[in-house]
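The values are calculated or read from the model by the stated rules, or taken from the named source; none is laboratory data. The model shown is predicted, which means the values in this text are computed figures rather than measured ones. Note: ideal-geometry Cβ built from the backbone for every residue, glycine included; neighbour counts use all protein chains shown.
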């Protein structure tokens, strides 16, 4: 089966890392052309990989819009996070408590923003099986 991969290096790649699920979580974006880190989240004491992937896409959209960047797309290797962005809804069982408060407030802000704003930047699936690990990967496997 042939997979159509956009032939561009003018993109942001995002990824999250979580030690345990839930556990300490962080995410970042890397410029595909230069492989330089564009942003890096704080380390949240308790989160999930899916929430990190979702917020990485959200922060990438906000970064592109705020800084007037002309990236052609955002790549993510998370089918779940891409689906959440498209549906503008998330599904998580992460409990709200002192350790998760900051993260879950940010998630709620992201959901509110994506429901009230139109964004046009394409969010594309990074095909790890074909392209190897996404450049934003934390290499902790």
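I need the full set of residues from segment 84-106 which are surrounded by fewer than 20 Cβ atoms within 10 Å (Cβ to Cβ) and closer than 22 Å to residue 30 by Cβ, in order please.
106
Which of the residues that make up segment 83-111 are out of contact with any helix residue (DSSP H, G or I) (no Cβ under 7 Å at 6 or more places or on another chain) and part of a helix (DSSP H, G or I)?
Residues satisfying the conditions are 83, 86, 87, 101, 102, 104, 105, 108, 109, 111.
Checking residue 20 against (1) modelled with pLDDT of 95 or more; (2) surrounded by fewer than 15 Cβ atoms within 10 Å (Cβ to Cβ), which single condition isn't satisfied?
(1)
Search segment 112-136 for residues being surrounded by 12 or more Cβ atoms within 10 Å (Cβ to Cβ) and out of contact with any helix residue (DSSP H, G or I) (no Cβ under 9 Å at 6 or more places or on another chain), and hand back the single one that is nearest to residue 59 (Cα to Cα).
122
Could you list, in sequence order, all residues of segment 65-82 that are assigned to a helix (DSSP H, G or I) and surrounded by 20 or more Cβ atoms within 10 Å (Cβ to Cβ)?
Once the filter is applied, which keeps residues that are assigned to a helix (DSSP H, G or I) and surrounded by 20 or more Cβ atoms within 10 Å (Cβ to Cβ), segment 65-82 yields 81, 82.
Report the residue count in segment 11-21 for those that are under 17 Å from the mean Cα position of the chain (by Cα) and outside any strand (DSSP E or B).
Residues in segment 11-21 being under 17 Å from the mean Cα position of the chain (by Cα) and outside any strand (DSSP E or B): 2 in total.
Could you check segment 24-41 and list, in sequence order, the residues that are free of Cβ contacts under 8 Å to residues at least 60 places away in the same chain and either outside any strand (DSSP E or B) or out of contact with any strand residue (DSSP E or B) (no Cβ under 7 Å at 6 or more places or on another chain) (or both)?
33, 34, 36, 41
Given (1) touching a helix residue (DSSP H, G or I) at 6+ places or on another chain (Cβ under 7 Å); (2) modelled with pLDDT under 95; (3) not in a loop (DSSP other than H, G, I, E, B), identify the lone condition not met by residue 55.
So residue 55 meets the others, but not (2).
Considering only residues of segment 43-63 that are touching a residue at least 40 places away in the same chain (Cβ under 8 Å) and surrounded by fewer than 20 Cβ atoms within 10 Å (Cβ to Cβ), which is farthest from residue 10 (Cα to Cα)?
That would be 45.
Determine if segment 80-87 includes at least one residue that is over 22 Å from residue 140 (Cβ atoms) and either without any contact (Cβ under 8 Å) to a residue 24 or more places away in the chain or more than 14 Å from the chain's Cα centre (by Cα) (or both).
Scanning segment 80-87 turns up at least one residue that is over 22 Å from residue 140 (Cβ atoms) and either without any contact (Cβ under 8 Å) to a residue 24 or more places away in the chain or more than 14 Å from the chain's Cα centre (by Cα) (or both).
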